[in-house]
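S.K.: Quick one: the structure is below, and I'll ask about it shortly.
The values are calculated or read from the model by the stated rules, or taken from the named source; none is laboratory data. Note that this is a predicted model, so its numbers are computed, not measured. When we count neighbours, we look across all protein chains shown, and the Cβ atoms used for this are built from the backbone with ideal geometry, even at glycine. These accessible areas exclude ligands, DNA and RNA; they are computed on the full protein's heavy atoms, side chains included. Shrake-Rupley method; radii C 1.70, N 1.55, O 1.52, S 1.80 Å.
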Amino acid sequence: MAQIAGARKMKSMLRQLPWLAGPVKAPSVVACAENVRISADITWLPCRLEPGTRYRLRALTEGAAETTDRTALVLFDGAGGGEGLRESERLGPIAKLRTTDGLARTDIIFTVKRPVTRLGLRAASATTDVVVRTLAIDRVVNDSRPIDFFFSFDVEAAVSQAKSDPIDTLVWGKLDGGEYGLRRICDVLEQHRLVGNFLVDFATCTYEGERPLRNIVDFLAGRGHEVHMHLHPSGLGKRWGIDGGEMLRLEKASYDMQIRMLEYTTRLYQRATGNDPRVFRSGAYMFNREMILASGALGIEMLTNVRENVGSPLSGGDAYTGREPFRWENGVLELPVDASSPEVSEWSGFMSKFDAAVRRKPTWRTFNIVMHSWSMMRKNSEKIFEAYEPRHEQNLHRMCELATKRGKARGYAEYLDDNKQDFPSVRLSQLRSAEPIETIRLAPKAAAERLVTCVVCDMSFAAPFAVAGKCPVCGSHARHRVLRNVLDEYPGMLSDKRIVAAEATELRLLGLLPATAEVKNHDATALSAVGRGWADAYVGLHLINDAVAGRETVKEVARVLKAGGVFVSTARCRTDGDQPAEAGMELAAYLDLLGTRFDVSSVPGYDHVTGRADRVFLAIKKS
């Protein structure tokens, strides 16, 4: 009981989101696939894409040791082009999926110029070894709510990036008789009447002492912008007489060293501004648990380090898929980064990233942009900033225009003052450690094994402890974790709803269903006790494995659901007639069975414990 009580408390922390009550909103999936090993030959999948509609493609790929990036291709047969797609002279419109050694995630928004009825998966070369674990394409639902934009600039002066006088060159941008640094950036922001967030590196900006640092801070504050803390600690070792850069790396440093580095930064900030610090970003977005704990201990209110595929990502590849603001369990707010150095990109690529970021944030619509004091300059072949780049300034103007049109530019401190509500909470145990796995406190025989986290109960354990895929803590199977993965992709679908759940333990219910839902749990014989049209949703995993017996189950599920209610299910389905009968019923037979009373959609989900992908069926009751 203590375990269930603790899980209930954690569930409340993680799931209390202010969703509005209303009809169930299931995704409109037009194509999906799971566990497809790609090759130079094309694997074709059915789909239905129409011009004038925006679509979101998400995929999770798994590569081998030699896998390079973007070696998996999605072909759109007859698309004729489209926004967000690349054009191949030989293959036509394509999307390139992120690939690497291990898991990689792709998330893009795109359109097509002509109707598409099939898409293809193929490898970029004959030597590619990649499995597409999951792929789903669904229609993008427009949302016109205003967006909170954050324009942030890391103010840095690394000696290695300037021919001479790094502060003059990289902070003030003094080149060839012109000035393209902070003053020019502030001029652009103020032309659009926007506030900026300037995070000053208290290591590189103090190479020449504190006076240049104070000049930077006084200038920015005098222009009405916010000044916050940033740190690239690599240069501190020589000053402090520490031999060994590993000790100062923000993703590896001990708690005591994190405290020392942050206290150093805090003291300089207080002397330069006269205020206590509230916001911190680490150099290169690197961090670990100890840095988060040290930040909380020193009173820092907000971090802004989490971003896709950089730093120390959440466990499971992308456990916090929405990347909305959240609080670490010690109360420190995290505002994830959505675009890093976008000024150097093509505008179409930036807009694709913007669309994808905003669409996956149903509650707190934020778009956090990171640039630099040297953003209006370009590097030479030796990676030295040497010239003004007009295109970068033009892109900054366009970003400012977008912010004015679609929402409001905010200061980090302003956002903290305006948002005192409870953001969702993320446990530090979900953070993949950058330290050797042997340093994590596990049972001795498990210390050298791969560490995994069950997304149902949020407990971490060595992979071999999951015998037959069963979590040793809550007893969840792969199908439960696959369901949770899909529900995380579509947050709010079941919140504030009446739900009937089939034969689920209390601990599994706590981990799978929102705390805001009203749930009736039943065994296989008690569904008749649920009134007609009572439920908004029915959740049943591996409930139907036989077409004949399943007809009565589908009839009863439809009876308890309201019109428009969703039947969320998994099933052991076969897609190949040569598979043994014990593998489950034919996929086509299951779809036909549900299709008698439901409009059926399916989404592939992934379980990080077993490395297995399976389908979750979302069937909407017909009126």
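S.K.: Calculate the dipole size of region 463-508 relative to its Cα centre from +1 charges on Lys and Arg beta carbons and -1 charges on Asp and Glu beta carbons; express the result in debye to the nearest 20.
M.R.: Result for region 463-508 is approximately 100 debye, rounded to the nearest 20.
S.K.: Name the residue from Asn215, His192, Phe202 whose Cα lies farthest towards the positive end of the charge dipole of region 179-228, charges +1 on Cβ of Lys and Arg and -1 on Cβ of Asp and Glu.
M.R.: So the residue we want is His192.
S.K.: Where nothing but the Cβ of Lys and Arg (+1) and of Asp and Glu (-1) is charged, how large is the charge dipole of the chain around its Cα centre, in debye to the nearest 20?
M.R.: 1520
S.K.: I would also like to ask the following. Could you point to the residue in Ser375, Val358, Ser348 farthest towards the positive end of region 342-392's charge dipole, with +1 and -1 charges on the Cβ of Lys/Arg and Asp/Glu respectively?
M.R.: Val358
S.K.: Calculate what fraction, in whole %, of the accessible area of the chain sits on carbon and sulfur atoms when a 1.4 Å probe is rolled over the protein chains.
M.R.: C and S atoms contribute 48 percent here.
S.K.: Which of Met585, Pro146, Thr169 sits closest to the plus end of the dipole of the chain, meaning its Cα is farthest towards the positive end, when Lys and Arg get +1 and Asp and Glu get -1 on the C-beta?
M.R.: The residue sitting farthest along the positive end of the dipole is Met585.
S.K.: If one takes the longest principal axis of the Cα atoms in the chain, at what angle in degrees, from 0 to 90 and to the nearest 10, does the Cα axis of helix 2-15 lie?
M.R.: Value to nearest ten degrees: 60.
S.K.: Could I ask something else about it? Please figure out what share of the DSSP beta bridges in the chain is antiparallel and state it in percent, rounded to the nearest 5.
M.R.: DSSP beta bridges in the chain are roughly 60 percent antiparallel.
S.K.: If the only charges are +1 at each Lys and Arg Cβ and -1 at each Asp and Glu Cβ, what is the size of the charge dipole of region 176-223 around the Cα centre, to the nearest 20 debye?
M.R.: 180
S.K.: Now, a different point. Could you provide, to the nearest whole Å², the per residue accessible area of the chain with probe 1.4 Å?
M.R.: So the chain comes to 43 Å² accessible per residue, rounded to a whole number.
S.K.: Past the 24 Å Cα-Cα mark, which pairs from Lys353/Lys622; Lys361/Lys497; Lys361/Lys405?
M.R.: Cα-Cα > 24 Å for Lys353/Lys622; rest within.
S.K.: Compute the angle between helix 182-191 and the longest alpha-carbon principal axis of the chain, please, reported from 0 to 90 degrees and rounded to the nearest 10.
M.R.: Compared with the principal axis, the helix lies near 60 degrees.
S.K.: Just by accessible area at a 1.4 angstrom probe, what is the order of Leu333, Leu541 from largest to smallest?
M.R.: Result, largest first: Leu541, Leu333.
S.K.: Ok, one more. Arranged from highest to lowest average of other beta-carbon atoms within 10 Å per residue, in what order do the peptides 393-399, 83-89, 365-371, 194-200 appear?
M.R.: Result, highest mean first: 194-200, 365-371, 393-399, 83-89.
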